[in-house]
Amino acid sequence: MYFFDGSAAKRVPLPDEGMRANAYGTRYAIESMEDSGTIFYWFEYAPRKGLVRVHGEDGGKRRDYYLAYGDGTFDMELAADDEGYTWNTYDAGGEITNETFSDRLAELGYDCLVCCTYLYEDVETAYENMERMPDARRAMEDFVSGKANAVECVESRCETPEQGFWGRNFAEINEEATAGEPWWEGVEYVDFDNDGEEELIMHGYAGARLYFDAVGDRVVKVLETAFTTEISCVAELDGKRVVVKTDLTHGGRQYYWVMTYDGCGCLTDWFRLSAGYEGMEYGAGDRYEYRGRAISMEEFEAIRDSIHGL
Ligand SMILES: [Ca+2]
């Protein structure tokens, strides 16, 4: 298998030729990691520095593994799983903080990896297709117009991996998201992951939002937020777009989950900012947290105010 790394087409060694799947077109997946028993469905990034990222699902929970290749094997450098309200992060030694994970990720250079939407079986094809870029916008529009389904989740690993994808069409998702009331309908195209391409956001009942990204030619649901307790929006933090999920409508608490995605629908940073208090308004003596640490009310307000567009 080969990829174009910007200067040359390079071979990507796989531990086992039999480990192939077609999550996104004619690509490959690593089927299992020995002791974890985790099944991977695809991998999306070409290893610019000998690094690969693979994805899997475990009981409906998304898992991303960051592997380094050397001496004929892949070793796990980092891993993350996303349970919606919590983002668990690990290195080879065990669980690490989200902050440490994001720092390590930047150190390792994953942020400058090439999205390997296209990997090829031979070096000639890799060169021939070096200019070829998937048309994300067209993939989105095909989904919205009903020509193609979006992947909601991967249910099981099959002989043909696509058969394990649980895809749904736009009309069906729209009907469900709006509770059949056209009043709530809407789509917008926003670059919420800072990759220079616009993603799709579907609107739903009372502020519900569904976020879709195109990975290659395939549209994949990245995130869904419901109304009331998890109103979400796209905001800006330190000059980067982030998705912020909030819980502000209940007395006694204010929660912000701030999520940074990359161009392949992966979380690369996540934190929770919160205030907990009695009654309707918070004050100096109440509980404030940022990335799991206690902070002061002033710090809480300063971080909250640094998120623009809330
Ligand atoms: Ca984008």
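The values are calculated or read from the model by the stated rules, or taken from the named source; none is laboratory data. None of the values given here were measured: they were computed from a predicted structure. Reconstructed Cβ throughout: ideal geometry from the backbone, glycine too, with neighbour counts over all protein chains shown.
Figures for the structure shown
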{"quantity": "Test: residue 219 is within 23 Å of residue 136 (Cα to Cα) and in the same structural domain as residue 254 (by TED's automatic domain parsing)", "calculated": "no"}
{"quantity": "Residue in the range 274-290 that is assigned to a strand (DSSP E or B) and among the aliphatic types (A, V, I, L, M) present", "calculated": "yes"}
{"quantity": "Residue identified as assigned to a strand (DSSP E or B), of a type in the set (A, V, I, L, M, F, W, C), within 16 Å of the ligand (Cβ to nearest atom) and out of contact with any Leu (no Cβ under 8 Å at 6 or more places or on another chain) among 219, 242", "calculated": "242"}
{"quantity": "Residue list for the range 203-216, restricted to those being away from the ligand (no atom under 16 Å from the Cβ) and among the aromatic types (Phe, Trp, Tyr)", "calculated": "205"}
{"quantity": "Spans of strands (runs of 3 or more DSSP E) in the range 114-202 with at least 1 residues more than 16 Å from the ligand (Cβ to nearest atom), modelled with pLDDT of 85 or more and outside the structural domain of residue 260 (by TED's automatic domain parsing)", "calculated": "165-168"}
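One line per residue, one yes/no per condition, for (1) more than 30 Å from residue 151 (Cα to Cα); (2) surrounded by fewer than 19 Cβ atoms within 10 Å (Cβ to Cβ); (3) free of Cβ contacts under 8 Å to residues at least 40 places away in the same chain; (4) over 26 Å from the mean Cα position of the chain (by Cα):
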residue	(1), (2), (3), (4)
247	no, yes, yes, no
250	yes, yes, yes, yes
263	no, no, no, no
270	no, no, no, no
275	yes, no, yes, yes
288	yes, no, yes, yes
309	no, yes, no, no
